[in-house]
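The values are calculated or read from the model by the stated rules, or taken from the named source; none is laboratory data. Source: prediction; values computed, not measured. Cβ atoms come from the backbone with ideal geometry, glycine included; neighbour counts cover every protein chain shown. Heads up: the accessible areas ignore ligands, DNA and RNA and are worked out on the full protein's heavy atoms, side chains in. Shrake-Rupley method; radii C 1.70, N 1.55, O 1.52, S 1.80 Å.
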Amino acid sequence: MKEDFNIALNKELLAEMPLVEFDGEITVADTPEAAREALEYLSTQKTVGFDTETRPNFRKGQNHRVALIQISTETRSFLFRICSIGLMPEITAFMENPEITKIGLSLKDDFHNLHKISEFNPEGFIELQQMVRDYRISDSSLQKIYGILFDQRISKGQRLSNWEAPELTEAQQRYAAIDAWACLEIYNRLSTGDFDPVESPYKVYPEPELKEE
């Protein structure tokens, strides 16, 4: 009989995990020239992590456009400052390239927000929220998925910071880099077959049905 369980991580266990650090190289692409140079390098990669950041809305009716696109390899993370350089044709061409696999989470929201700036047809993307279901992982947040697979916690301390600031702080850069890099790390861990759901310590079993007397 097949064992009936899901894999989920509660907030208490997540809070006890050590913070993950990205010790790779971070490049801020805030000019068209820097963006083209970064894309030239990224176009040589087979698989990358992908994420976006938008300045938070604190007032009713306030809406901001995507300020940052993060694209990461295992050792390098590139932060494209869309609020400064716009959604350049070279960037949309990269997102339309089916030859490069791009790993993200909540991609539907990313595409919806990016389409407010410019229309493009995303190709070669893999949605982690769908992928993890095949491994019985019921959590859908990047933090919890990463915690389940690596027993480490991604800090969310910079999530509500100003992504349109004249310069990104070191803390903002590291936060943004980790989110895209973590997507790639999760994909690599699952796609190599290195994760066995049956062996996970975070299995959750359904409540037994109460039989009527």
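Relative contact order of the chain, taken over Cα pairs closer than 8 Å and 6 or more residues apart, is 32 percent. Solvent-accessible area of the chain (1.4 angstrom probe, protein heavy atoms only): carbon and sulfur portion equals 45 percent. At the residue level, residue 30 shows approximately 80 square angstrom of accessible surface with a 1.4 angstrom probe and all protein chains present. Modelled spin labels at residue 189 and residue 203, positioned 7 Å past Cα toward Cβ, are 1.8 nm from each other. Students often get this wrong, so try it: which of [x] 49, 34, 29; [y] 70, 41, 33; [z] 42, 39, 33 is Cα extents along the principal axes in Å as calculated from the structure shown? Label [y] holds the value from this structure. The trypsin sites (Lys or Arg not before Pro) of the range 133-189 that meet both conditions, a loop assignment by DSSP and at most 13 other Cβ atoms within 10 Å of the site Cβ, are 156, 159. At the listed q of 0.12, 0.26 Å⁻¹, the Debye profile of the range 74-143, built from one uniform point per Cα, gives log10 I(q)/I(0) equal to -0.39, -1.30.
From the helices alone, meaning DSSP H stretches of at least four residues, give me the mean residue ellipticity at 222 nm for the chain, per-run term -39500 (n - 2.57), in deg cm²/dmol to the nearest 500. Don't skip to the answer; put the middle values down first.
On the way: 8 runs with 71 residues, N = 213.
The per-residue figure over the chain is -9500 deg cm²/dmol.
Loop-located GluC sites (Glu not before Pro) in the range 61-151 (DSSP state other than H, G, I, E, B) with a sparse environment of at most 11 neighbouring Cβ atoms within 10 Å: 99, 119. 3J(HN,Hα) along the range 70-85: 10, 10, 10, 9, 5, 10, 9, 10, 10, 10, 8, 7, 4, 5, 9, 9 Hz, from the Karplus curve 6.51 cos²θ - 1.76 cosθ + 1.60 with θ = phi - 60°, whole Hz, x for Gly and Pro. Annotation for residue 135 and residue 47: the two label points, set 7 Å from Cα along the Cα-Cβ direction, are 1.1 nm apart.
Annotation: amide H-H contacts under 5 Å for residue 77 (H modelled 1.01 Å from N, sequence separation of 5 or more, or interchain): 25, 26, 27. Candidate membrane-span-like segments in the chain, meaning DSSP H helices with Cα atoms spread over at least 18 Å of their own axis and a Kyte-Doolittle mean of -1.0 or above, are 170-191, with no membrane implied. Accessible surface of residue 200, taken over heavy atoms with a 1.4 Å probe and every protein chain present, rounds to 10 Å².
Where only protein heavy atoms count, and the probe is 1.4 Å, what is the accessible area per residue for the chain in Å²? Don't skip to the end; give the middle numbers.
Details: 12010 Å² over 213 residues.
Heavy-atom SASA per residue in the chain reads 56 Å².
With every protein chain in place and a 1.4 angstrom probe, the accessible-area ranking of 83, 183, largest first, reads 83, 183.
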